[in-house]
1. Open to solvent by 40 Å² or more (accessible area, probe 1.4 Å) and either free of Cβ contacts under 8 Å to residues at least 40 places away in the same chain or touching a Leu at 6+ places or on another chain (Cβ under 9 Å) (or both), is that true of Arg148?
2. Which members of region 339-369 meet the condition of being over 20 Å from the mean Cα position of the chain (by Cα), part of a helix (DSSP H, G or I) and loosely packed, with under 15 Cβ neighbours inside 10 Å?
3. So, Tyr320, is that one in contact (Cβ under 8 Å) with a residue 24 or more places away in the chain, assigned to a loop (DSSP other than H, G, I, E, B), assigned by the TED database to the domain that holds Lys166 and open to solvent by 30 Å² or more (accessible area, probe 1.4 Å) or not?
4. Residue by residue through region 297-317, note down the ones that are hydrophobic (A, V, I, L, M, F, W, C) and buried (at least 20 other Cβ atoms within 10 Å of the Cβ).
5. Here are some conditions: (1) part of a helix (DSSP H, G or I); (2) among the aromatic types (Phe, Trp, Tyr); (3) more than 24 Å from Arg214 (Cβ to Cβ); (4) not assigned by the TED database to the domain that holds Ser350. Phe232 meets all but one. Which one does it not meet?
6. Restricting the search to region 7-54, which residues are basic (Lys, Arg), at pLDDT below 95 and surrounded by 12 or more Cβ atoms within 10 Å (Cβ to Cβ)?
7. Of all residues being among the β-branched types (Val, Ile, Thr) and within 17 Å of Phe65 (Cα to Cα) in region 151-188, which is surrounded by the most Cβ atoms within 10 Å (Cβ to Cβ)? Just the residue, please.
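The values are calculated or read from the model by the stated rules, or taken from the named source; none is laboratory data. Just so you know, these numbers come straight off a predicted model, no measurement behind them. Here the Cβ positions follow ideal geometry from the backbone for every residue, glycine too, while neighbour counts run over all protein chains shown. Surface areas here come from the heavy atoms of the whole protein model, side chains and all, with no ligands, DNA or RNA. Shrake-Rupley method; radii C 1.70, N 1.55, O 1.52, S 1.80 Å.
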Amino acid sequence: MALKRPKWKTGNVVILEHVSRRLKDNALGDPHVRKLAVYLPPGYDEGATRGRGKRYPVIVDMVGFTGSGLSHVAWKNFSENVPERVDRLVHQGRMGPAIVVFPDCFTALGGNQYINSSAIGPYADYLTKEIIPTVDREFRTLASRDSRACFGKSSGGYGAIIHGMKYPETWSVVCDHSGDAYFDFVYWHDWPNTLNELAKYRKDTFKAGRYDARRMEKGAAKGFDDGRVRGFLEHVWKKYKLTMAEGHTIMNLCMAASYDPDPRAPNGFRLPFNLETGEVLPARWDAWRKHDPVNLVAKYRKNLKTLRGIYIDCGWRDQYHIHYGCRILSKRLQEAGIKHTYEEFDDTHSDVDYRYDVSFPFMYGAMKK
């Protein structure tokens, strides 16, 4: 879509201001009043008076880490944003008209995993108990789980499959694009780099010579911050541009806050590795693994079987090695007798929005309309 000159009917994006009770007083101090973008398909306003008129299925966008739903409705050069893509797919007859919802779930830690965490906020409840009821109240939706789907990429893909597992009363179709899975591959390999970045902010300085590991590690041996995490966060929160190393570090901290929150710990969460020696802390890593989709299929087998559609895909050159996790996830679903579609393609983790050309028709076709 290099030439942005559509010759077909286009929908309309409206922006609401949503006041959240559940995000109020969250641990990070993030705003509880947020913009909510909603795409209304072509023809939505035709013949509609006093709330009457055609009703539409709903698709909810869970964006990836460092993203916001609002970014998916912004102008995009030499390509399509999500509303433009949906307009084209409807015009081509590859899917029917639907309402698409773009929540803002960004946080001071760069995002969240669309789950409830005392260290970040109750973002699963925010979506299922606030955003969905708001959209059903304000727009002509088919207000039923059978006519409601969610999709996402990366952290959003993780959120979509987890919501399919935990909240089948809300969703009937989920699409997981390159979603975090098999944490031992996806996250583990980057922690040495994270530890190196955090070491810049340790309070005890170290000079060349004899080194006392037990003295240097202090509370880090139990997964507690010895001050370097707080120092790092205070540093990056003052910046306008993060380095790549800082971006990956805050991502790993966000994962720790998502998977191992602890109100008693500094910053409200525990860490899976000894900050000083790099040793894995088995109990803390086990807390992460309990959130890994590949370990949750058996637990949520009954819920997954109620879904009308599950779609998963990933590029086989994913630089975060997520294709291995997706393969294992698909294998687990197969072993549990859960019908799903899993596809791979020749690409990396980056700039793969074109895969929505596959997932949107899948979602629309699987929903009850």
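1. No; evaluated as a whole, the condition is false for this residue.
2. Across region 339-369, the qualifying residue is only Gly365.
3. Answer is yes for this residue.
4. Val297, Leu304, Leu307, Ile310, Ile312, Cys314
5. Here Phe232 clears every test but (3).
6. Lys9, Lys54
7. Only one residue fits best here, namely Ile161.
A quick yes/no check of all residues on (1) in contact with a helix residue (DSSP H, G or I) (Cβ under 8 Å, 6 or more places away or on another chain); (2) in contact (Cβ under 8 Å) with a residue 24 or more places away in the chain; (3) open to solvent by 10 Å² or more (accessible area, probe 1.4 Å):
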{"position": "Pro97", "(1), (2), (3)": "yes, yes, yes"}
{"position": "Val100", "(1), (2), (3)": "yes, yes, no"}
{"position": "Phe106", "(1), (2), (3)": "no, yes, yes"}
{"position": "Gly110", "(1), (2), (3)": "yes, yes, no"}
{"position": "Gln113", "(1), (2), (3)": "yes, yes, no"}
{"position": "Asn116", "(1), (2), (3)": "yes, no, yes"}
{"position": "Pro122", "(1), (2), (3)": "no, yes, yes"}
{"position": "Arg137", "(1), (2), (3)": "no, no, yes"}
